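To start, the structure itself, in structure tokens.
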Amino acid sequence: MVDRIGIPKKLSWGFLGVMLFMMGDGLEAGWLSPFLIENGLSVQHAAAIFTVYGITIALASWFSGVCLEAFGAKQTMLMGLLFYIIGTAGFISFGFESMNYPVMLLTYFIKGFGYPLFAYSFLTWVIYRTPKSRLSTAVGWFWVAYCAGMMVLGAWYSSYAIQYLGYINTLWTSIFWVCLGAFFALVINRDKFEKKQASNKREKLNEIVKGITILKSNPGVAVGGVVRVINTLGTYGFPVFLPMHMAEHGIETTVWLQLWGTIFLGNIIFNLIFGVVGDKLGWKNTIIWFGGVGCAIFTILLYYTPIITNGNLIITSIVGFIWGGLLAGYVPIGALVPSIAGNNKGAAMSILNLGAGLSAFVAPALALAFIGIVGAEGVIWIFSLLYLASAIMVTFIRVPKEGETQKETNSLVS
């Protein structure tokens, strides 16, 4: 049955494992920063902790694909699990409980290597293991598991757990959830990934370096990386200024949080839908028209709707839901870019994963750089034009014919 809905049967337990791992990873996202500030840290100190966390996420995202090829899938995912456990345990025991700022910086930095090495390595594994005709659908299922764990189940569980267990004990339970996820993904999941054979350490190092050199040898992969950065500009950029804009037009901050949840409900649902659409309509067509053009239009509408409707929450929520759904129109980028990389799919995925990590920096940086010059309205138009630009970029990516890639599909799996 799982094959029929687009999930590779041999990897099905891994999807559950990713969802549970991301549930553990995301359970403190909604409350950690205000909790730290309430307990004596400044806003700048709290921001710095998340900044160093973002740096390691970007680094680990970049090398997740090539590490998988050099060391193997389960070994790379196990490294991610160990980084998470060591970083989290150190953060709670030696930093969080005593509010030791230097220790919190170091341990949260270590924790940042965790989920990219675990989740993004599994995504690369899925891409190697899935037939081209179902690849976009399988990628869509991955993002359903990823987003459902991090953005829904983690937040939902945490909202109850902190009432009964307290903040510190709730953080400790995150280790239980990531270990449970690892059990399903690494133990129950019996599929095997054969790493590339390297006769010496130099060859293994060359495999890792491909995460950089592929940018020059395959410009299409570089273009895909830029498109991936643009993909989530709104995700990371809107929270910088849109809540204030909404409040000015009758949608208060608490209501905005509900609206933001509605937006990502649409995103989770359409992650799967656009995965299937991408396999039927074509990867490039889906990204161009639904992702690029669709997001460009609805980014503008999301800004102007509360102005036009005097803060009508229902209409604004509908527009936001559609925007979140169209954001999922970029899902086939995870199938498109590896398909043009030949046997270097891991390196291509490293670039896409790097784009995902960099977006967390680029989006708020753009908002902060231009909001004082052109205001929130101007930033919205910049984001919209960048979404349109991404659609144009995708038109220049050449998709190889079936015959050119068919022999490579299972080259590293058995």
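The values are calculated or read from the model by the stated rules, or taken from the named source; none is laboratory data. It should be emphasised that the depicted structure is a prediction, and the values quoted were computed from it without experimental measurement. Methodologically, a virtual Cβ is constructed for each residue, glycine included, from the backbone with ideal geometry; neighbour enumeration extends over all protein chains shown. Accessible surface areas use protein heavy atoms only, side chains included; no ligands, DNA or RNA. Shrake-Rupley method; radii C 1.70, N 1.55, O 1.52, S 1.80 Å.
Key figures
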quantity	calculated
Helices (runs of 4 or more DSSP H) (entirely within segment 127-197) containing at least 1 residues that are under 13 Å from F15 (Cα atoms) and more than 20 Å from the chain's Cα centre (by Cα)	166-182
Qualifying residues in segment 306-315 (those that are among the β-branched types (V, I, T) and in contact with a His (Cβ under 9 Å, 6 or more places away or on another chain)) - the one nearest to G378 (Cα to Cα)	I307
Filtered residues of segment 132-174 (kept if open to solvent by 60 Å² or more (accessible area, probe 1.4 Å) and over 22 Å from D3 (Cβ atoms))	M151, V152, W156, Y160, Q163, Y164, L165, Y167, N169, W172
Considering residues of segment 76-109 that are touching a Phe, Trp or Tyr at 6+ places or on another chain (Cβ under 7 Å) and among the aliphatic types (A, V, I, L, M) only, the residue nearest to I351 (Cα to Cα)	M77
One residue from S359, S350, S390, S384 being touching a residue at least 24 places away in the same chain (Cβ under 8 Å), over 26 Å from Y120 (Cα atoms) and under 22 Å from the mean Cα position of the chain (by Cα)	S384
Verdict on T262 being in contact with a Phe, Trp or Tyr (Cβ under 8 Å, 6 or more places away or on another chain), surrounded by fewer than 24 Cβ atoms within 10 Å (Cβ to Cβ) and polar (S, T, N, Q)	yes
Scan of segment 349-382 for residues that are closer than 13 Å to H245 by Cβ and surrounded by fewer than 22 Cβ atoms within 10 Å (Cβ to Cβ), ordered by number	I371, G375, A376, E377, G378
Some residue of segment 84-103 being in a helix (DSSP H, G or I) and within 18 Å of the chain's Cα centre (by Cα)	yes
Segment 7-30: number of residues that are part of a loop (DSSP other than H, G, I, E, B) and either without any contact (Cβ under 8 Å) to a residue 60 or more places away in the chain or within 20 Å of the chain's Cα centre (by Cα) (or both)	5
Test: residue in segment 119-131 that is open to solvent by 40 Å² or more (accessible area, probe 1.4 Å), out of contact with any Lys or Arg (no Cβ under 8 Å at 6 or more places or on another chain) and within 18 Å of L281 (Cβ to Cβ)	yes
Any chance K192 is modelled with pLDDT under 90 and closer than 16 Å to M77 by Cα	yes
Residue within segment 65-75 that is assigned to a helix (DSSP H, G or I), buried (at least 21 other Cβ atoms within 10 Å of the Cβ), aromatic (F, W, Y) and out of contact with any Phe, Trp or Tyr (no Cβ under 8 Å at 6 or more places or on another chain) present	no
Selected residue [open to solvent by less than 20 Å² (accessible area, probe 1.4 Å) and either farther than 24 Å from K192 by Cβ or hydroxyl-bearing (S, T, Y) (or both)] from S61, S98, S93, S42	S61
Identity of the residue in segment 104-125, assigned to a helix (DSSP H, G or I), under 23 Å from F183 (Cβ atoms) and among the aromatic types (F, W, Y), that ends up nearest to the chain's Cα centre (by Cα)	Y120
Neighbours by Cβ (under 6 Å, 6+ apart or cross-chain): first from segment 311-333, over 16 Å from F238 (Cα atoms) and surrounded by 20 or more Cβ atoms within 10 Å (Cβ to Cβ); second modelled with pLDDT under 95 and of a type in the set (S, T, Y)	P332/S136
